Every structure is written in C-alpha cells, then in structure tokens.
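Down below is the structure, laid out as structure tokens.
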Protein chains: 4
Amino acid sequence: MTKPTLGIGMAGYAFMGRAHSQAWRTVGNFFDIPMQVDMAAICGRDAGKVAAAASKLGWRTAETDWRALIERDDIHLVDVCTPGNSHCEIAIAALDAGKHVLCEKPLANTADEAAAMVAAAERAARKGIRAMVGFNYRRLPATTLANRMVTEGKLGKIRHVRAVYLQDWIVDPEFPLVWRLRQEAAGSGALGDLGAHIVDLAQFITGQQVSAVSALTETFVRERPLPSHTDNGARGQVTVDDAALFIARLDAGAVATFEATRFATGRKNGLRIEINGEHGSLAFDLERLNELEYFDATGPTVSQGFTRILVTEPEHPYTAAWWPPGHGLGYEHSFTHEVRDLIHGIAEGSDPRPTFADGFQVQRVLDAVARSAAESSGWLAVDQSDLVAGPPTR
Amino acid sequence: MTKPTLGIGMAGYAFMGRAHSQAWRTVGNFFDIPMQVDMAAICGRDAGKVAAAASKLGWRTAETDWRALIERDDIHLVDVCTPGNSHCEIAIAALDAGKHVLCEKPLANTADEAAAMVAAAERAARKGIRAMVGFNYRRLPATTLANRMVTEGKLGKIRHVRAVYLQDWIVDPEFPLVWRLRQEAAGSGALGDLGAHIVDLAQFITGQQVSAVSALTETFVRERPLPSHTDNGARGQVTVDDAALFIARLDAGAVATFEATRFATGRKNGLRIEINGEHGSLAFDLERLNELEYFDATGPTVSQGFTRILVTEPEHPYTAAWWPPGHGLGYEHSFTHEVRDLIHGIAEGSDPRPTFADGFQVQRVLDAVARSAAESSGWLAVDQSDLVAGPPTR
Amino acid sequence: MTKPTLGIGMAGYAFMGRAHSQAWRTVGNFFDIPMQVDMAAICGRDAGKVAAAASKLGWRTAETDWRALIERDDIHLVDVCTPGNSHCEIAIAALDAGKHVLCEKPLANTADEAAAMVAAAERAARKGIRAMVGFNYRRLPATTLANRMVTEGKLGKIRHVRAVYLQDWIVDPEFPLVWRLRQEAAGSGALGDLGAHIVDLAQFITGQQVSAVSALTETFVRERPLPSHTDNGARGQVTVDDAALFIARLDAGAVATFEATRFATGRKNGLRIEINGEHGSLAFDLERLNELEYFDATGPTVSQGFTRILVTEPEHPYTAAWWPPGHGLGYEHSFTHEVRDLIHGIAEGSDPRPTFADGFQVQRVLDAVARSAAESSGWLAVDQSDLVAGPPTR
Amino acid sequence: MTKPTLGIGMAGYAFMGRAHSQAWRTVGNFFDIPMQVDMAAICGRDAGKVAAAASKLGWRTAETDWRALIERDDIHLVDVCTPGNSHCEIAIAALDAGKHVLCEKPLANTADEAAAMVAAAERAARKGIRAMVGFNYRRLPATTLANRMVTEGKLGKIRHVRAVYLQDWIVDPEFPLVWRLRQEAAGSGALGDLGAHIVDLAQFITGQQVSAVSALTETFVRERPLPSHTDNGARGQVTVDDAALFIARLDAGAVATFEATRFATGRKNGLRIEINGEHGSLAFDLERLNELEYFDATGPTVSQGFTRILVTEPEHPYTAAWWPPGHGLGYEHSFTHEVRDLIHGIAEGSDPRPTFADGFQVQRVLDAVARSAAESSGWLAVDQSDLVAGPPTR
C-alpha cells in the first residue's frame, strides 16, 4: 500500500515547463498510478525567476544548475524542458547518472546528437533506467484511438497519409527574432518544431515508418527585429525555415504529404492528419481535439459517411479517468497521459513509447527532409542503419 | 506579500466534488490570486470513502459531518457539492456561521428553499460574507466573451434566444433508477439538472431575465430497475421529468425556446445556445467549447457569414493564463475560472456573480415551467416579487 | 413508345413560378417519365409581363385569365404558384374542370378554404384526377432518405423532434411592407410561409402527426414603409407574425419544438430538423442540403458518432438520375423531383403525396398554433375530425 | 431585339455531355444572354445511342461523324466532350473550319498536342473565332468570389496554397479497367483528371502560375479486370497513375502542395483548396460548394476566425440569376456559368478565360509533374517558353 516515491527534477520552466508541471501535479488525482510523485526540484539559470516558478508551479525546491539536479538523491527522473540545443548534454548526463529521463521533442537538434542519446538510453536501459521522448500528441484520446483502430485492421492496407501542422504566429514581418528563429538554438524552424510532431504522429497512427522523402523549405521573411529592448531597432538574420513541405513514402506502401508552417494565417494550432486505407479512413484536427472522424467503407453504402466520434466515452483511451461523455478535455491533458504512461513504464519495468530510438527515427526523417530541400528536392532515403526503432505502436 | 489564507471545506465528493477539487488545486498555479488556498477538509458520511477521496483529491483532512466542517476555524469557505435536497440546510448554516459559500446549481430543489437561502445570503452579506451559486458554464471563455459582446452592443436589440441542453444517458429503459431520477432527492429531472444551466446561460449572455413561460414536460420511461444489487430486479417509479420544453419571453422583448432532455440519442453534452439580434448573432455549442460563432451584420454583405472564433487568444477572457492560441481548454477549466472569480470577490469585498439571488431567479423560472406544464401549458409569468436579482451581467 | 402528353398550365411566374418552370423543363432530361411534358401556357394578369415570362421560362403560350387556362383542352394539369389567397378558388375550379392540380404550399390561407379544397380533390379523385400540394422539401434526397430510414425502423420509437426554419430578410425595420407581410394576401407570416414547411417535414419524416400545440407568435416590427414608389414614405401596419414558436405532441408519443422566424440574423435559409429515437437520431440542415447526419446507437460505443452521409450515391433517392457521388444538387432539384413523382402518380393512377388532405392537416396545425398563441399559449388539440390524411409517408 | 443565333454542335454524350447539355438548355432561362442558343446537333459514333441521347438531352439532330458536325452551316460552336485523346484533332479541325470551340479539360493528353491546339486557337482568334477550355470549377460562385477577393488584395502577398482533389471510386481492386485507367485513352490518371482541376483552380484564384515542381506518382493496383462482359475474367494492366503528389513554387513567391488521388476512401468529390496570405486566408471544399471560408487578419483579434460565407447573396458572382439567399446551387451550375461567359465572349468579341493557352499552361505543369516523378522527384521548372498564358484572372 505504500507506493514508492518518484522524485522529479525538471529543467526549464517556460511553455513546456508549465505544461509538464501541470501533468506531474495532476496525474495522481485522476489516475491510479503505482508510484507517488514528488515534485522535488525545478531548475533554471536565474535564481530569482526559478524560485518564483517553483512556487507558482508547485515544485518543492529550486536549482540553478542542472548538474546539481542530477546529483540529488531525492530525484529519480529528470524532465528536460529546455531548448533543443541542450537536450543532448542534459539527457545523457542524467541517464549516465542513473536517472530516468523524459525529454521534450524534438529529441535533439541533429541526428548525431540523437544517435548519442539513443546510445545513452541503451546503456541506461541495461540498468533498468527508462528514457522517453515527449511527443505528447500521441497521448490524446483521439490519436490513441486512431492508432488502436489501425492496429485492429479497421482501415486495412494504408494508401495515403496527409498531415499538416499550421500555425501563424510569425506572419507579421515585425515579429521579433526569438530563439525559435535561430538555427543555433532551435536547430530548425517549422520543420523541427511542427514537422517533428506530424512525422511522429503519422508513424504512430499508421505503424509505418517514413522511408524516403522529397522536400522543399522556405524562409519567407529573412530578417527580423532583434527581441531585446536594448537593440534599438537592430535586425538579425532568420536562420531557420518558416515552412517545410515534403512528400514521402512509408515503409509498408503508403504515400504521404507533410506540411509544417508558421505562415498559415488564421490557423492557430492546425495539426490535421488524414489516413486513407482500403477499408476506411480517419481524420483528426488538433483544434477539435476531442473528435475523431472515421469513415467505415465496409457497411452499407446508403449510410456511409465520415462519423464524428466524440472521443469522451469510458471505452475510449484515458477518458474514463476524467469526466462523463461529452465533457471534453484540453491540450494539457496530453501531458498528464504522457507522464501516466511513463510512470507505469518505470514501475513495471517496460519501455514507454516513444523511446529515444523513436525520437531518433523522427530526427532522421527531418534530416532527410533538410538534405532533400538543400539538394533540389531530390528523392532521399531516410537513414535506417544501426539503430532501428521498434514498430511505432504504443 | 504574505497572502491571506482561504481555508476551504467541501461537502460531497462525487462528480461535482471531483471537478471543484481540481479547480481549488489548480487555480493558484495559473492565475495570480490575492489569497492562498488551503484545501482544509472534505466531508462525506462514509468515513472510509471520504478519507480515500481526501487522499485522491488533495484535501488535507476529512470530516463525516458537515456541521463539524462549518465549525472549524481553519475553514473560511464551504463548497456545497451535495445533491440538491441538502443545499438549503448546509448553505444557510454555513452562512449563518460566517463562512463564505459556493453552492452547486441548482441553488435548491424548490423556490421556497431558494428564497430562504437568498435571505441568509443577504444577512451574511451585511457581515462581509459572500455567497455564489455554481453555474460554471458562465465561466467558459466563449460564453464570457458572448456576454461581453452583447454588453458592448454588438448584437443590438435581441430578438431570439434558442437554447437546448441535450443528453442521452437514460435512453435505455433498463438504465437504473439513480437518485437523479427521484423527485425527493433531485427536485426535478432534466429541468433542474440541464434546464437550469440554459436558463442561467441565456440570462447571463443576454442580460435579460425570463419573464414568462409556456411549458411541457414528459417522462418517457416511467418505471426503471432499482439500482441496488440486492433489489433482485425490483423496479421503482421515475418521479421526475425526462424532458422539459418551453417557450418564453425575456423582459427586454426577446422570445425564446428552451429544451432540456436526457433522451436525445447521440447528444452527449449538447448544450447549444443561439442568440439573434438586430445587428448580429452568436452561437455556442458546449461539445466544441473553445469556439464561438459570430455573425456580424454590420459589414459588407459580400463577406458576411458566421465566423468561428477560436476563443483561445490572449485577448479573450481567462485564456491568457493558460496556453498559446489554438491550444484548447477542457470542461474542468470552467470551475477553475469560477473559483478564481470567487476568490477575487472575497478578497476585494465585491459580490461574485451569479449570486444566490441570481440562482433564485433561475429557480423561479423552473418553478413557472413546472407549473405551466402541470396546467395545460398555459402562459405563466415568472414570480418577480420581493427579491429581485440584479441585472444578470458578470 | 409514344408517350401520352401532359399539358401544363401554370398560374403565377414569380419566385415559385420560376422554380416550377425549371422543374417542368428539366424533369424529362434526367428522369425516365411515362408522359411527355408540354409546357402549354403560363398565366398572369399583366399581358406584357406574362409574355416576357413565357419566353424567358420556356412556356409555349401565355394567358392573362386563369379561367382561360382551365378551359384549354391542351392543358391537363394546372400548377398554382400564385399567392395563398387565390389557391382555393383556382384549385377548386381546375379540379372541377377535370384538371390535375399541383398547388404550392401552404394549401390555403385558412383551414376552411383548405377543407373545401380537400372536398374538391376527393370529388376529382373519383374521376381519376390527381391533386398534390407542393411541399418540395420532402423531395430532397436527404429528407426522403430520412423518411425511409425512419420507416425502416432505424430510429426505433421516436422521442423528440426539434425543427426550426430561420431566415433574416426582414430584420431591417425599413424593409418594405410587401404582400407577404399583409394578412389579407398571405394569411399569416413566418407561420404559414416557414412553419408550414417544418410541420410538413416533421410529419413526413416521422410518419406521425402533430396532435396538440402550445404556441407564441410575435411581430417585432409593427409598422413598415409601403413598397410603392408613389407612397412618399407612408407606412402601413404589419398584420402577420414575424416569428412563431410552438411546442407540440405527435400522435405516436414524440414531443417537439418548432420555430419559424424571419428575424434570425445571419440565417438565410436555415431549415433544420433533428429527430431522436431510441435507436438513433437524424439531423438535416437545408443550408447543406446534400448531407444527412445519422447517429446509429446500435453499434459499438467506441465508434459511435454522428455520421455525415453525403446523400449523392446511386443508392440514395433520386440521385442516380443526376451526377456521380459527391457532385451535389441544389435547391431547385426538389421541384424536379416533385413533378417527377406527380407525373408518375398521374400515369399510374396512384395518389401522389402530399395530398390535399396532407396539406389540410398542416393547415389545421397552423390554425391551432395561431389560436393557442391568441389564447395565452394554452394547450390545444389539432382538429382531426372528418377528413383525415393518411399516414404521412411517401 | 432579334438576338443572333448561336448553333451548338456537341461531340460526346457521356458524363460531360450530359452536364454541358444541361448548361446549354438552361443558360437562357436564367441569364440575360446576347445570343439565342440553338442546340443543333449532338454527335456520337453509335447511331442508335446518339439518337436516343439527342432526344433525352434536348438536341435537335444527331450526327455520327464529328467532321459532319463541323461542316454544318447551322453550327457555330463545337463543344468537345469526348475523351482526351480526341480533343486535339476535333478542336483544331473545328477552329480551322471557323467554329468557336469549347473543349473539355484537360485540353489534351500531351503538351505537344496542347501546343498545336494553342496555335490553332491563335490562328482562329485572328478571324474572330473563340476557344475556351472547360475548367468549370472556376465558375462556381465561391471560387469566382475567391479569385475576386485575391485580386482586390484581401489576402495580401500569398504565402501558401494547399490543394487536394480526393476521390475513391477505384479503391476496390476489382473495379474494372475502364478507359480512364488506360494511358492511350486518358493520357494520365488522377493527375490529368483531378490534378488538372486543382492546378487550374490554384492558378485562377491566386493569379500566379506554377513555375516548378517536385513530384511522386503511384499506381497502387496495377492489374484490373477488363470491363467487357465477354472478357471472362481476363485482366489488363493499369497504365496510369492512381495518385499524384507534388510540391511546387508559384511565380510570385508562394509555395504549394498538391495531391490528386482516386484512393482517398470516403472522399467522393473532395476538391479542397486553401490559400494563406499575409492579410488573410481562404478555404473552399467542393463537397460544400455554396460556401467559402475567409479569415480576415486585419480586424480586431478578439473576433477573428474563419467566416463561413454562404455564397448565395445577390452581391456574389452569378447568384443573382438564381434563387434567394441561402438557396444553394449544385454541381451542374458551374457549366451553365461557363457557357454564359463563353456566349458573352463570343458576342462581345472578347477572349473568354480560360483560353487554350491557359489550358496549355496547366498541361505543361502536369508534364513537369510526370517527368519529375519519373526522375526521382527532382525539382523541375515548368516550361514557360513561346506561348505564355496571360495572367490567369477571369
């Protein structure tokens, strides 16, 4: 009856830090989890700010050096919510120190970094340490249901995937040059930020991996105001893509289109994915995240059509823990489900998906996209050597 | 900088208790509130169950007698989440003991009870004690925005309200005779449970009060299995309405239709409201709670149409505290906003809406509906004597 | 192989005249019909205008007196598209002269007129003459499919009907006092114009008749500018309802809400009907007339939801005659289907639905609505004496 | 007042022949056109079938040789509705014989054929003879409105186009090998049939031309049953694409994705196009052809969103000729508008768009797509030499 304690140390307290904090705070109030969560420490470089964040977000203590976080005995899991350029160093250090790791997506800014992280995760796994990458959109009830339906064969052989992730927050050319628009911090632009999500989600739902791509990237606005108030109107170069478009083949025969952009005026969080199989189709839109559309081609034609499933029934994934049918969930619940599954994985000694190898596979797709775009959109196979992720099911 | 503590004692830990607990736990993590919430005690009659609930839902202690809750010095606010037949007694006792009260809707099972509660709230108000009734759907970003737009005159003179609240959880005649289907516990059926919400919401958004009604109620399935396992197939009488339909006039000239039912197969939480004014219209659907549809009749005809506003921008009510645009909220957030506003009311000495008088006004409408239905649907004025709620704005 | 000729004479050439003309011109190009349509004559009082209309709309000749139309030997069917106050006289004269009659809805302006028309239709029927009332919305593929699904038992016992017909063309108080706003020409306002359609459609789809009502009518703008240019700003009284709201019972146990209005800002042709039964539900919206939404409650919960049937498959009513799946039809096609069915009825000696008795039943419902509204919304049974329409199936 | 007669001769009477016939029959009944249409002759190889078609579709006479059609003095315009492999021969012969030509899309099966047709159209134009290619989807009220709004600058600089044309009629591997699946008759598969439409529509609405592409084509089912009943189960090779996917650049800086497929299970006629500009966005779905979605980014954020414009107002293109607001049009109306505009062009001596040069430009894009797909998706510029279409506005 006395559950073991899982001490959490989190690095970073911006957008993702706030979302993960809500997940750690809430998971035990709704789910029966086999461990007791202790929100031990949050870490950031600015002592004053991190103390305020600890108080606001519900962390017991604050640290200013992520190495100190890793050394603490009361911390068993490090949650990496920092920008992508620090993922590799923090995650490997934590794993090597025997801490479980939850690492925000994308796993790393380059495939080389990702490869090193996978190696660290494999070393750690041999000592019973778990590593997971935070593709939270896998863990919405609707996307998990989609994966389940494909796995059950409801769609038959998959023919088409079309996935877009559309945002519009930098349409204005005067929007400042924040860290997400600089290559050295973010690795890439819409590609890594948004494209990573749709590649992972497409692979997760279909159980197929992207095997080859042809791509185009574009930076519409190449110079922007520097964000600091002291810059007096100085401008700097945008060094990442504003948009990435690619066509692809999946390894079991489907063809796909992908588009990630921050210039789709009016689309705020427009992750949409549609999958067509020989027996049916599925469609999902993140702006209506409690819904999944399903076309069943096996019944009588006269009543066929896309069915809007309100994914809030007790029979649906995760939903029995929350509210009655029709009482929808929000964006943040995906993180609560993510940590729920991670805690189960740790307690039960099973590998929670997506693993670092899954994250590495996504990174390799993004790398192929970037290279194809740089080489006149020529068709490029995704590197599948050495480290191969398992079948991307849950 | 040391915020005063607000000790909360909650009675009831079923559906509403779980929802309110999440609100009290979460409000300080997202909003800057002027008091420190202390989830002091939860109360229920079964000692084992209430202890488990306290642990699961994050309450510091448990009580088995609501009178003990009221007596505790570390409790400053009593949150009444019990069935409707106990609201009156608990709320009045708490107010008279100098505790603020948040009372779930409907305020009471009868207008007489509600009148007594309003009197108690007025007595308490003279001592600086606050009372609020929990019509949580007022506090969704979309409905609050709707109220704001009407208040700003965007719709002009209101002509029509049409509101439905459609559920389907008792369509099956073998669904058991739970407390919500017995008059002595629930007061009424779909009318008080669902109808109360749409009457309150219609009045809140329009700023008008329902002044007269003509109504029909129906109980489609009049006998159901008793819920207890020991009943061996015995059946009992359904003593509340399955559905309530009414037409109405609002006091500033609009006409309205209302329908509340638990027999709308396929509609899980289908609260829909549309308001037509001389300059525009608004439409809301709780199954898509992050959206508000707005028709602006004042611009050029060529580009007129219903605009689907994704109510997730920083400019929208409550949303700046949460996530970036397009990252939707869920059902439970309405409660977090409710307690946020209540805490501000307490700290600032202002009356949070909806007051008990607002709840009483809704109860009087429901009473008129029940009487009209019992008297051949004849037109009945809603009693407006004595205690009159203020204008139902926020 | 030589098909008999069916000579048509049409009275009226305004909106309905244009729509019916398109139907008569087109029906033989798409459907295999057992008679040859001859668009013999169109009739209107102004010789110049009716000649122009004949030329524009494809009629062989023009007449200025409807009595002359009836007397012509080459005319076998009179199509009455005039305002409602002349329906009774023209239709009875035509029937008594041995002409088939297609009469626009509503059948008449009063129940007394309608009763006389039914009597004439019965007299004529004994001589093999057919009479049909033009509730064209029965003849959209989606509504006919809805009727078929109910008839097949897909919904089980019907619990709820909710039907609205929302328009907004007179929201502006300066819109002139056209004939549709004067009682002596139009009989009633939104009630007869729009309410008639939803009462007929509800009865058609469900196979049940409205048996009792409680109603409210409203005229928001009571005085409007006279339409003639010579009126110099003079104003006249609006003598019909702007909106009619009523609740009702159907004779097999369903309850219903109806609303007809010309003041629903932004709703252009918003006829919406939803039907909830114990095994499923149907929903239709005339602004998306090629779609029917269907909820099937009999399958597994996990994939239930409202299915958007695109009613354009060859298996659907009427659609095989037109285009491939997904190629939608428009408003006017309902009239083509109407005259197709009428021609078959004439050729095969069967009574096309809706009959005059069906139209009379609708008129009796409207009369009960008007009387209930005039009598404090009291519950009123619909007169069912004497002439009873058959079951309102197709 | 005596309008000149325009004698029409039509080659082909299958799907497109039926659609064009309805257009020629109907245009004068709704629009004020400057010429009198004479449906002089329809032409097909089978004498019996073409005579039946003439009778059914409203043509005065029938011919069995298209050369005879061209020679007739009472024919001034030849409407080419045959499969793509005969377009070139018939259209050039007709133009050279001094007949106006309306040619179904795609203009030809190859770019070489299309080039010859453009040359013939230019020769003919010097003699006052007009040639038009039948991209009918330009002529829906919603798409014409979209073009108008872009032209007016409502979207500002265009950033993105995403266009799909999704059908599902050959998902079943046992669907027979009809002419549309054979290269020698159809030229290509989904690419020419569906891809041509979305390329033309994207260019029409944006006023930009596709300048370069990277593409992938796929044939999922490579062998199908022969369609003839006498084939006794024999199978033949599918020699066209089932699906074509491509990314593209437009000549004024936008990037685009295109997808044309016949394997999108559940999508019946799913032509969807979305355009994002710096000041707004537009979205259109052919399955809801009376609607256009518009996002206006220039107004206050608080009420921004996608507005569903019901394109049925008198202020909208073409719609004043038809029905009141909210009374939607169908698929076939696009053809009526097409011939309306062509007749005006002929009467007024102006070139109706899209010209053969416009059709040639589309063909060149399709050719580049096919070549890129054959060459490992490498980036290919669209040939812009010699014959350049004017700006693709209406």
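Summary of computed values
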{"item": "Residues located in the range D:208-230, provided they are more than 14 Å from every other protein chain (Cβ to nearest Cβ) and either in contact with a Gly (Cβ under 7 Å, 6 or more places away or on another chain) or modelled with pLDDT of 95 or more (or both)", "result": "D:Q208, D:Q209, D:E223, D:R224, D:P225, D:L226"}
{"item": "Filter result (at the interface with chain D (Cβ under 8 Å from one of its Cβ atoms) and open to solvent by less than 10 Å² (accessible area, probe 1.4 Å)) within the range C:9-34", "result": "C:A19, C:S21, C:Q22, C:T26"}
{"item": "Out of B:G266, B:G253, sole residue that is at positive phi, part of a loop (DSSP other than H, G, I, E, B), under 25 Å from the mean Cα position of the chain (by Cα) and within 14 Å of chain A (Cβ to nearest Cβ)", "result": "B:G266"}
{"item": "Matching option when the condition is more than 14 Å from C:V339 (Cβ to Cβ), within 14 Å of chain D (Cβ to nearest Cβ) and modelled with pLDDT of 95 or more, among C:K49, C:K56", "result": "C:K56"}
{"item": "Criterion violated by A:E315 - all others in (1) part of a loop (DSSP other than H, G, I, E, B); (2) open to solvent by less than 30 Å² (accessible area, probe 1.4 Å); (3) at the interface with another protein chain (Cβ under 7 Å from one of its Cβ atoms); (4) not aliphatic (A, V, I, L, M) satisfied", "result": "(2)"}
{"item": "Considering residues of the range A:109-164 that are out of contact with any Leu (no Cβ under 8 Å at 6 or more places or on another chain), touching a residue at least 60 places away in the same chain (Cβ under 8 Å) and of a type in the set (K, R) only, the residue nearest to A:D96 (Cα to Cα)", "result": "A:R139"}
{"item": "Some residue of the range A:75-91 being outside the structural domain of A:R180 (by TED's automatic domain parsing), over 22 Å from the mean Cα position of the chain (by Cα), closer than 27 Å to A:A320 by Cα and not charged (D, E, K, R)", "result": "no"}
{"item": "A:G330, sole failed condition from (1) out of contact with any Gly (no Cβ under 7 Å at 6 or more places or on another chain); (2) open to solvent by less than 10 Å² (accessible area, probe 1.4 Å); (3) outside any helix (DSSP H, G or I)", "result": "(1)"}
{"item": "Single residue of the range A:293-312 satisfying the filter (at the interface with chain D (Cβ under 10 Å from one of its Cβ atoms) and not in a strand (DSSP E or B)) that is nearest to A:M149 (Cα to Cα)", "result": "A:A297"}
{"item": "Test result for C:P392, more than 26 Å from C:T26 (Cα to Cα), at pLDDT below 95, touching a Gly at 6+ places or on another chain (Cβ under 7 Å) and part of a loop (DSSP other than H, G, I, E, B)", "result": "yes"}
{"item": "Residue in the range D:45-58 that is closer than 18 Å to D:K99 by Cβ, crowded, with 18+ Cβ neighbours inside 10 Å, assigned by TED's automatic domain parsing to the domain that holds D:A91 and in contact (Cβ under 8 Å) with a residue 24 or more places away in the chain present", "result": "no"}
{"item": "Candidate set: the range B:273-291, residues that are more than 10 Å from chain C (Cβ to nearest Cβ) and assigned to a strand (DSSP E or B); chosen: the one farthest from B:F204 (Cα to Cα)", "result": "B:E291"}
{"item": "Test: residue in the range A:127-134 that is in a helix (DSSP H, G or I), open to solvent by less than 30 Å² (accessible area, probe 1.4 Å) and under 30 Å from A:H316 (Cα atoms)", "result": "no"}
{"item": "Count of the range D:374-386 residues which are among the small types (G, A, S), outside any loop (DSSP other than H, G, I, E, B) and under 18 Å from A:A374 (Cα atoms)", "result": "1"}
{"item": "Some residue of the range D:344-357 being under 14 Å from D:Q209 (Cα atoms) and either more than 14 Å from chain C (Cβ to nearest Cβ) or buried (at least 21 other Cβ atoms within 10 Å of the Cβ) (or both)", "result": "yes"}
{"item": "Residue in the range C:237-249 that is nearest to B:A163 (Cα to Cα), counting only those that are part of a strand (DSSP E or B) and open to solvent by 10 Å² or more (accessible area, probe 1.4 Å)", "result": "C:R249"}
{"item": "Test for B:G98: is it within 21 Å of B:V133 (Cβ to Cβ) and in contact with a Ser or Thr (Cβ under 9 Å, 6 or more places away or on another chain)", "result": "no"}
{"item": "Residue ranges of strands (runs of 3 or more DSSP E) in the range C:1-106 with at least 3 members among the aliphatic types (A, V, I, L, M) and under 27 Å from C:M117 (Cα atoms)", "result": "C:5-11, C:36-43, C:77-80"}
{"item": "Filtered residue count, the range B:147-172, keeping only those that are closer than 28 Å to B:F263 by Cα and either open to solvent by less than 10 Å² (accessible area, probe 1.4 Å) or in contact with a Lys or Arg (Cβ under 7 Å, 6 or more places away or on another chain) (or both)", "result": "10"}
{"item": "Condition met for D:A120 (at pLDDT 95 or above and open to solvent by less than 10 Å² (accessible area, probe 1.4 Å))", "result": "yes"}
{"item": "Qualifying position, being within 19 Å of A:A370 (Cβ to Cβ), surrounded by fewer than 24 Cβ atoms within 10 Å (Cβ to Cβ), in contact (Cβ under 8 Å) with a residue 12 or more places away in the chain and not assigned by TED's automatic domain parsing to the domain that holds A:N109, among A:E184, A:E223", "result": "A:E184"}
{"item": "Number of the exception - A:I205 against (1) open to solvent by 10 Å² or more (accessible area, probe 1.4 Å); (2) closer than 28 Å to A:M149 by Cα; (3) more than 14 Å from every other protein chain (Cβ to nearest Cβ)", "result": "(1)"}
{"item": "For D:F258: the one exception among (1) within 14 Å of chain C (Cβ to nearest Cβ); (2) in a strand (DSSP E or B)", "result": "(1)"}
{"item": "Check on B:H87, closer than 20 Å to B:F135 by Cβ and open to solvent by 10 Å² or more (accessible area, probe 1.4 Å)", "result": "no"}
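The values are calculated or read from the model by the stated rules, or taken from the named source; none is laboratory data. Everything numeric in this text was worked out from a predicted model, so none of it was measured. No Cβ is skipped: glycine too gets one built from the backbone with ideal geometry, and neighbour counts run over all protein chains shown. Accessible surface areas use protein heavy atoms only, side chains included; no ligands, DNA or RNA. Shrake-Rupley method; radii C 1.70, N 1.55, O 1.52, S 1.80 Å.
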